[in-house]
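The values are calculated or read from the model by the stated rules, or taken from the named source; none is laboratory data. Values in this document were obtained by computation on a predicted structure and should not be read as measured data. Here the Cβ is made from the backbone with ideal geometry for all residues, glycine too, and neighbour counts use every protein chain on show.
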Amino acid sequence: MWDFVIHDLRRTASTPLHEAGFNSDWIEKALAHEQNGVRGVYNKAEYLAQRREMLQWWVDPVDAQIGDGRKVVIGRFAKAFQAA
């Protein structure tokens, strides 16, 4: 069993979402990564419906982890939490 902080979910989401075949634009928008260059200037799409479906796909196993008794540490410093 392992504990994780909220940022771990962002950090670990990209690879499985890409491997599952979700569109890179949706993933980057969900992770709040801004596009640079001309594409970033012109593409203002939000992909709300697509991101909703994609993020539900991601949250289902996360919810299962929490349901199994894993702790979610809300904050930046998991080690500080563990020491307390």
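If you check every pair at least six apart or on different chains, which have Cβ atoms under 8 Å apart with a residue in the stretch 24-39 that is of a type outside the set (V, I, T) first and a residue that is outside any helix (DSSP H, G or I) and at pLDDT 90 or above second? Partner pairs satisfying both residue conditions: D25/Y47; W26/Y47; K29/E46; K29/Y47. The residues in the stretch 40-71 that are loosely packed, with under 10 Cβ neighbours inside 10 Å, farther than 13 Å from A30 by Cα and in contact (Cβ under 8 Å) with a residue 12 or more places away in the chain can be counted, and the count is 2. The residue that is modelled with the highest pLDDT, counting only those in the stretch 15-32 that are surrounded by fewer than 10 Cβ atoms within 10 Å (Cβ to Cβ) and not aliphatic (A, V, I, L, M), is G21. Confirm whether A49 is in contact with a helix residue (DSSP H, G or I) (Cβ under 6 Å, 6 or more places away or on another chain), in a helix (DSSP H, G or I) and modelled with pLDDT of 70 or more. Considered against the rule, which asks whether it is in contact with a helix residue (DSSP H, G or I) (Cβ under 6 Å, 6 or more places away or on another chain), in a helix (DSSP H, G or I) and modelled with pLDDT of 70 or more, A49 comes out as no. Checked against (1) at pLDDT 70 or above; (2) assigned to a helix (DSSP H, G or I); (3) of a type in the set (A, V, I, L, M), A80 passes all but a single condition, namely (1).
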